[in-house]
Amino acid sequence: MSETLEKPTTPQAQANPLLKPWQTPFETPPFAEIRPEHFLPAFEQAFADHSAEIAAITGDPAAPDFANSVTALERSGKLLSRVSAVFYDLVSAHSNPALLEIDKQVSLAMARHWNPIMMDAVLFRRIAQLYQNRSRLGLTAEQMRLLERTYTRFHRAGAGLDEAAKKRMAEINERLAHLGTSFSHHLLGDEQDWFMELGETDSDGLSDTFIESAKAAAGERGMAGKAIMTLSRSFVEPFLKSSTRRDLREKVFKAFTARGDNNNENDNNATIVEILQLREESAKLLGFATFAAYRLEDSMARTPEAVRGLLERVWKPARARALRDRDDLQALVAEEGGNFALAAWDWRYYAEKLRQIRANFDDAAIKPYLALDNMIAAAFDCATRLFGVSFAERKDIPVWHPDVRVWEVKDAFGKHKALFYGDYFARPSKRSGAWMTSLRDQQKLDGEITPLILNVCNFSKSADGQPSLLSPDDARTLFHEFGHALHGMLSDVTYPSQSGTSVFTDFVELPSQLYEHWQEQPQVLRQFARHYQTGEPLPDDLLKRFLAARQFNQGFATVEFVSSALIDLEFHTQPASASRDVRAFERKELEKIGMPPEISLRHRPQQFGHIFSGDHYASGYYSYMWSEVMDADAFGAFEEAGNIFDPAVAKRLLDDIYSSGGSRDPEDAYVAFRGREPEPDALLRRRGLLETPEAA
């Protein structure tokens, strides 16, 4: 694919660290040596190597068997995987203009590289022949699952189409790759461009720790001595909860919800329209009526109807609860003498006030007890008690930014298991959100390959070396992403494509959401929630009030999520022509479901990176809630055992969920762990929504 990349011929490219063996501990990427100009020649070589490996498979004169076709395919593309992992880590977590420009080239080159492989008639014929004769091949269960998934992956990519359809599918894939990259860059551009300086009169209601974080954010942007608001969610949500300045809350809220929708060079509306048109066309080429039908066929849910059924079941009681809460919040506004109707930028502020009245609790009270280092230690300790793994910080592992920390992970017998990288703080070079990814996946195909697993978050960094304090939501996010990390670190499979989180989208959130439960357990909080100044443990009274307040405002939280999931589903089930005007489509769908105007979508379409930066969660944002049905039910196994660290339950959890990756059917894996299918009402009980009239 050399024609797609502009390959520099600099001296640096001749001594490219991406193309040499890494003489680092555990063969980790030597980030200090890697420069933007190294990537294009590295991708060039990686594409060439991979193409040659594929050609060797398709040109093999021997009759196809599992080893010379499926296993050979698993062994191919090692250099491409290595270069891609480093590149996309930097693009997401520590980008710069040079990397973003290269990203545009690489996204197109990647599509042009993979299209002919995934639609190769000879390669597909070999795989299909094995698939048709699979019952006679004497395969292990892991091999059988791999063969079935390999066949499905090629079939769904269009390998069985005629040549004209393949050509069009390749064109669509290339264009979608470009559009997804553009969507991400636009969103990052709007986030980087906006900030709001906080003067002395602008900080009413904001905590000292918030102001310190705002000063640190200003320092990151070269504005030492000032304090600024950015559009990081870790800034926006606490500001909306705490600031007494209604005018500033409105300003911040509108800027946050307008990302990608400002009629500027970063506007994402036209990008969304074209993405939806191309997705619909690709689904129809493959014989599906809609993109959602195509996407969901290969999931636990199977159909759009099943997804809609779950979301609507949750929507009705959540909306009813939110409407009751809205009336209570409006009454609170009136009690305080406010002569205005509650607006979306008021909800969090007055919800916090109401929570203080009803539960005698607010986030500011517990935040001093949720120091980042203590919550990391809590996440590690729970993993040790559940799975026997231990964590030791390493200072000798190269990292991409000074804030990144690395721990060596060992199993219960003291054997090296993985490296875990934690990149926790927001900065202008990092995209918003929180995520887990890997620099190398676990596998045992050719010796024991141990994984390099990353958690990337956007917490506010305290200034002057003070401990960084987390909100309860931040602490939950830390445990959530660490649950994903454990899924990658505890993986114990043979084949690379089945490693770690390589599972159905509506199953991948189970290990992460399940792990959140331990963060809010009294015995965990009593041990690790300690005041950042005095070291005193969380007082029992405050702990009880925190636990009692957990279900407060769940109507709001559920409505903002489910509405986003429903919008995602509607975008991909209705004809693409219906969403030519994205803003009008959004308004129509929200009116159809009766969205309270005082609540905004968690992700408006123009900033909905889950579904438009790529297609991994397209038609699949519901997955968080589908997985929540399982995670709420799964934690019940520990509760029934009377011990949240019960060894027998933890062993089943490790064997059937965390270590098995994609080597098993997810439904079979869950039933093996739980002994039955999940109980749907567990989700409503957890959110405190089961007793509403609509749910009865």
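Quick notes
- Subset of 104/251; 417/461; 415/444; 367/430 violating a 27 Å alpha-carbon distance limit: 104/251; 417/461
- Under 5 Å, built H, 5+ apart or other chain: amide partners of residue 459: 425, 426
- For the range 350-428, a crude dipole built from +1 on the beta carbon of Lys and Arg and -1 on the beta carbon of Asp and Glu, taken about the Cα centre, is about 160 debye to the nearest 20.
- Each residue, residue 523 and residue 393, gets one label point 7 Å from its Cα in the Cβ direction; the gap between the two is 2.7 nm.
- Descending principal axes extents, the range 102-210, alpha-carbon based, whole Å: 76, 36, 19
- Fraction of alpha-carbon pairs over 22 Å apart in the range 249-340 - percent: 63
- Tail beyond 13 Å, pair distance distribution of the range 194-257 (Cα, percent): 57
- Unit charges at the beta carbon, dipole of the range 600-692: most positive-side option, 620, 608, 653: 608
- Estimated D of the range 487-557 in µm² per second, where Rh is the Kirkwood radius over Cα pairs and Stokes-Einstein applies at 4 °C, 1.567 mPa s: 85
- Whole-number Å³ per residue for the convex hull built on Cα positions in the range 580-696: 162
- When 407, 626 are arranged by Cβ crowding within 10 Å, least crowded first, meaning fewest neighbours, the order is 407, 626.
- Each of 114, 22 has some number of other Cβ atoms within 10 Å of its Cβ, and from fewest to most they run 22, 114.
- Alpha-carbon centroid distance for the pair the range 242-316 / the range 323-344, whole angstrom: 30
- Per-residue 3J(HN,Hα) values for the range 323-328, derived from phi via the Karplus relation 6.51 cos²θ - 1.76 cosθ + 1.60 with θ = phi - 60°, read 5, 5, 5, 4, 5, 5 Hz in sequence order (x marks Gly and Pro).
- Once the Kirkwood radius over Cα pairs is known for the chain, the Stokes-Einstein relation at 37 °C and 0.692 mPa s delivers a diffusion coefficient of 124 µm²/s.
- Kirkwood Rh and Cα Rg combined as Rg/Rh, the range 264-398: 1.13
- The angle between the Cα long axis of helix 554-573 and the longest principal axis of the Cα atoms of the chain comes to about 30 degrees, rounded to the nearest 10.
- Net charge of Cβ neighbours under 12 Å - reference residue 214; Lys, Arg +1; Asp, Glu -1: -1
- Taking a Cβ cut-off of under 12 Å around residue 671, the surrounding Lys, Arg, Asp and Glu residues balance to a net charge of -2, with basic ones at +1 and acidic ones at -1.
- Computed over the range 194-257, relative contact order equals 36 percent, with contacts defined as Cα pairs under 8 Å that lie 6+ residues apart.
- Ordering 461, 254 by the number of other Cβ atoms within 10 Å of each residue's own Cβ, fewest first, gives 254, 461.
- In range of the label at residue 410: residues from the range 458-488 whose backbone nitrogen is under 20 Å from the point 7 Å along Cα→Cβ: 486
- All-pairs Cα distance distribution in the range 327-377, expressed in whole percent, bin size 10 Å: 23, 39, 23, 12, 3
- Convex hull volume of the range 464-584 per residue (C-alpha atoms, cubic angstrom): 202
- Local electrostatic count, residue 401, Cβ distance below 12 Å [Lys/Arg +1, Asp/Glu -1]: 0
- For the range 629-696, the orientation-averaged shadow of the C-alpha convex hull comes to 5.1 nm² (one quarter of the hull surface).
Only the coordinates and a few stated rules stand behind these numbers; no lab work does. A quick note: this is a predicted structure, and the numbers were derived from the prediction, not measured. We place every Cβ from the backbone using ideal geometry, glycine too, and count neighbours over all the protein chains shown.
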